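These notes are about the structure you will find just below.
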Amino acid sequence: MKPVKLWIALVTLLASAAFAQTHVLPQGSEIKVRNDTPIPAHAPANARYSATISNDVTDSSGSVVIPRDRGHS
């Protein structure tokens, strides 16, 4: 690989890492959801059901980490 191409690849990699953010939710954080479909009383093992976030989920600094679904407020 030519030095210029290597340099461009390295700069691109470092720039993308600089923009990546990690958020940590405080222990005990609540994530309120609404199920999108009914969940039977005797659901089969390993069944999966979709849900929608009801309230914004924030980290310890108050930044929204998981936004609520604005279409179903």
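Taken together, the values in this text are just the output of simple stated rules run on the coordinates, not laboratory data. The model shown is predicted, which means the values in this text are computed figures rather than measured ones. Positions of Cβ are generated from backbone atoms using ideal geometry, with glycine treated the same way; all protein chains shown enter the neighbour counts.
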#### Entry: Net charge over other residues, Cβ less than 13 angstrom from the Cβ of Val57 (K, R count +1; D, E count -1)
-2
### Query
Under the definition of Cα pairs under 8 Å and six or more residues apart, what whole-number percent is the relative contact order of the range 23-72?
36
